[in-house]
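Remarks on the structure that follows.
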Amino acid sequence: MVYNFKVFKKCSPNGKITLYLGKRDFVDHITGIEPIDGVVLLDPDYIDDRKIFGQVVCSFRYGREEDEVMGLNFQKDLFLASEQLYPLPEKKEQNLSKLQERLLKKLGPNAFPFTFNLPPNAPASVTLQPAPEDQGEPCGVQYFIKIFAGESEVDRTHKRSTVTLGIRKIQYAPSKQGRQPCTVVRKDFMLSPGELELEVTLDKQLYHHGEKIAVNICIRNNSNKMVKKIKSMVQQGVDVVLFQNGQYRTSIASMETQEGCPIQPGSSLQKIMYLTPTLMSNKDRRGIALDGQLKRQDTNLASSTLLASPDQRDAFGIIVSYAVKVKLYLGALGGELTAELPLVLMHPKPNPKGKFIHADSQADVEMFRQDTIDQDPIPEKC
């Protein structure tokens with residue numbers, strides 16, 4: 001049996017250190033995060049008297065780069081994993097993946113495997129959308145693997161002997177739906193008999209990006225007020241955990257209607273309103289949370305953040321949530337009646353196609369053809 005893999009490759013500007021990874025998206029399964037396994041290839045003439053270190057860095061930018069003046073810095077880098085890759089401090093047993101075994105066999109004795117494990121509460125890769133006029137790096141959480149030559153793990157690195165490759169920590173939608181969201185709210189009025197009742201139900205709790213959200217609305221008007229307008233919206237909640245007042249909400253899809261209105265006293269109305277939250281309709285809005293972005297990739301609205309428990313909120317994370325909100329407008333004297341339901345918006349888990357491929361011919365055995373290696377931009381000197 002022969003295995004065929006897609007490999008990401010990047011080398012340092014001086015061409016002496018080359019990093020190989022099998023993927024750049026690492027999935028958080030709530031109970032644990034996929035290990036980051038790869039191989040680093042070293043030039044034997046370069047590493048005679050040098051040490052090579054590997055790190056996983058979580059970079060959290062919480063302010064605009066253009067506002068950094070007088071030595072002020074709005075970025076924090078967290079080193080979530082760090083170890084010496086060469087020479088190995090001590091002989092230790094490593095459970096190699098199939099990718100690592102094939103790479104080591106192909107690259108020879110100057111290739112060294114590594115495996116990094118992220119802590120369970122590591123924040124998800126999220127980017128906050130900048131305004132069109134903003135410049136510099138966007139705010140958000142980014143990950144990258146850093147391989148460098150130095151005297152110690154805290155040594156100041158040199159660009160020529162450093163490789164950095166961006167990766168993402170992501171979550172996929174659960175395989176099972178949760179309980180169907182439903183709520184009923186009522187409002188009574190001072191010096192007026194009866195009450196106004198609003199019942200809101202979603203067709204399901206879990207939605208995939210791009211799906212229509214069906215909002216079922218039932219209004220029973222047992223008061224002496226009139227309902228003049230109905231508005232439903234999907235709101236994205238962003239909680240920047242680092243700040244005490246870092247929570248805000250943004251409407252990313254909305255619909256307003258007067259169809260069936262006014263709803264007179266003693267009347268009722270039942271209707272369905274459809275909403276589809278997309279990035280295309282929010283392209284120029286600052287602060288919208290997006291999924292972490294790798295180079296040359298399109299992105300979309302950020303997925304809901306799933307936590308094993310509320311206590312696992314990392315201080316450097318960004319928590320994203322979604323909710324449907326329905327408002328009934330009763331006029332200047334009557335006020336409003338509002339109902340709200342949380343929902344989950346995520347990507348479905350992809351089919352594991354092409355992971356392991358049986359090969360019957362010798363032509364399939366060769367793994368490192370030009371069309372099977374996806375290279376991140378590599379300097380010309382490599």
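The values are calculated or read from the model by the stated rules, or taken from the named source; none is laboratory data. Nothing here was measured: the structure is a model prediction, and the numbers come from that model. Every residue, glycine as well, gets a Cβ built from its backbone with ideal geometry; the counts of neighbours run over all protein chains shown. Each accessible area value is taken on the protein alone, full model and side chains, heavy atoms only, with ligands, DNA and RNA left out. Shrake-Rupley method; radii C 1.70, N 1.55, O 1.52, S 1.80 Å.
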Query raised in the report: Does residue 57 satisfy being closer than 23 Å to residue 17 by Cα and surrounded by 15 or more Cβ atoms within 10 Å (Cβ to Cβ)?
Result: yes
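Please tell me if residue 323 is under 28 Å from residue 339 (Cα atoms), in a loop (DSSP other than H, G, I, E, B) and either out of contact with any Cys (no Cβ under 9 Å at 6 or more places or on another chain) or not hydrophobic (A, V, I, L, M, F, W, C) (or both).
So residue 323 fails the test.
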Report task. Tell me which residues, restricted to region 152-173, are surrounded by fewer than 16 Cβ atoms within 10 Å (Cβ to Cβ) and not hydroxyl-bearing (Ser, Thr, Tyr). Result -> 153, 154, 155, 156, 158, 159, 160
Requested in this report: For residues that are closer than 24 Å to residue 75 by Cβ and free of Cβ contacts under 8 Å to residues at least 40 places away in the same chain, scanning just region 295-336, find the one that is nearest to the chain's Cα centre (by Cα).
Outcome: 297
Query - Hey, residue 179 open to solvent by 20 Å² or more (accessible area, probe 1.4 Å), touching an Asp or Glu at 6+ places or on another chain (Cβ under 7 Å) and farther than 22 Å from residue 285 by Cβ or not - result: no
Report task. Check every one of the strands (runs of 3 or more DSSP E) wholly within region 109-173 and list those with 2 or more residues that are in contact (Cβ under 8 Å) with a residue 40 or more places away in the chain and under 21 Å from residue 313 (Cα atoms). Result -> 126-128, 140-150, 162-170
Report task. Quickly run through region 76-117 and pick out the residues that are open to solvent by less than 60 Å² (accessible area, probe 1.4 Å) and within 28 Å of the chain's Cα centre (by Cα). Result -> 78, 80, 81, 82, 83, 97, 99, 100, 113, 114, 115, 116
Query raised in the report: Does region 259-271 contain any residue that is under 19 Å from residue 212 (Cα atoms), surrounded by 13 or more Cβ atoms within 10 Å (Cβ to Cβ) and among the basic types (Lys, Arg)?
Result: yes
